[in-house]
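Let me begin by presenting the structure, written as structure tokens, before commenting on it.
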Amino acid sequence: MILAHLPSGYLLGKGLARARPAAAWVLPATMLGAVLPDFDLFWFYLIDDRAFHHHRYWVHIPAFWAAVAAITLPLVAFLTPRALIAVLGFFAGLMLHLLLDTFAGDILLAWPWSDRFFHLITVPAAQSHWLLNFILHPVFLLELAIIAAALWTFVQARTKAQKA
Ligand SMILES: [Zn+2]
């Protein structure tokens, strides 16, 4: 995914916030988790000069986040249970990012047991630029659908808030 991470985090965060309306930090925490892995692009372009696929960085490895969540969630549940839903939203947003990246991008799903990338759909290199390959492939319709759903949900929420 290229553009749908923030909108997908918004949709997931709205769903979690609906389940727990009093948890104010759920939506921003979920949205942060949904975009955080792609912050590695700064390192990819500015430090490593594109030497490695940025999906090889630890922020794009599901097992890394599963380990962090396995340590963090019990601590939060014990120390600050009121923050648990926001922290859960953060990790859910992260996993949603990695799931969406798995559609057409490569993810190290089996790391540390395998260094092999996995993806669901192969986007052929039919265009001169990688970005055109994705935008002109049917999988981009999924991305557009997520963006449209998020926009629809946002407008509905604003309209409802203005009427209240
Ligand atoms: Zn990503």
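The values are calculated or read from the model by the stated rules, or taken from the named source; none is laboratory data. Just so it is clear, the model here is predicted, and its values are computed rather than measured. Cβ: placed from backbone, ideal geometry, glycine included. Neighbour counts: every protein chain shown.
Odds and ends about this structure:
- Residue count for the range 93-121, restricted to those that are among the hydrophobic types (A, V, I, L, M, F, W, C), in contact (Cβ under 8 Å) with a residue 12 or more places away in the chain and loosely packed, with under 15 Cβ neighbours inside 10 Å: 3
- Top-ranked residue in the range 38-68 [being in a loop (DSSP other than H, G, I, E, B), aliphatic (A, V, I, L, M) and away from the ligand (no atom under 15 Å from the Cβ); ranked as farthest from residue 116 (Cα to Cα)]: 47
- Restricting 11, 16 to residues that are part of a helix (DSSP H, G or I) and modelled with pLDDT under 95 narrows the list to 16.
- Some residue of the range 92-101 being among the small types (Gly, Ala, Ser) and over 24 Å from residue 139 (Cβ atoms): no
- Residue among 43, 113, 65 that alone is modelled with pLDDT under 95 and either under 18 Å from residue 3 (Cβ atoms) or not β-branched (Val, Ile, Thr) (or both): 43
- Against the conditions (1) assigned to a loop (DSSP other than H, G, I, E, B); (2) within 14 Å of the ligand (Cβ to nearest atom); (3) among the aliphatic types (A, V, I, L, M), residue 120 satisfies every one except (2).
- The set of residues in the range 1-37 that are surrounded by fewer than 19 Cβ atoms within 10 Å (Cβ to Cβ) and within 11 Å of the ligand (Cβ to nearest atom) comprises 2, 35, 36.
- Candidate set from the range 131-164 (those that are loosely packed, with under 11 Cβ neighbours inside 10 Å, among the hydrophobic types (A, V, I, L, M, F, W, C) and assigned to a helix (DSSP H, G or I)); member that is modelled with the lowest pLDDT: 131
- Candidate set: the range 50-60, residues that are surrounded by 12 or more Cβ atoms within 10 Å (Cβ to Cβ) and out of contact with any helix residue (DSSP H, G or I) (no Cβ under 8 Å at 6 or more places or on another chain); chosen: the one farthest from residue 88 (Cα to Cα): 53
- Residues in the range 68-85 that are modelled with pLDDT of 95 or more and closer than 22 Å to residue 15 by Cβ: 69, 72, 73, 76, 77.
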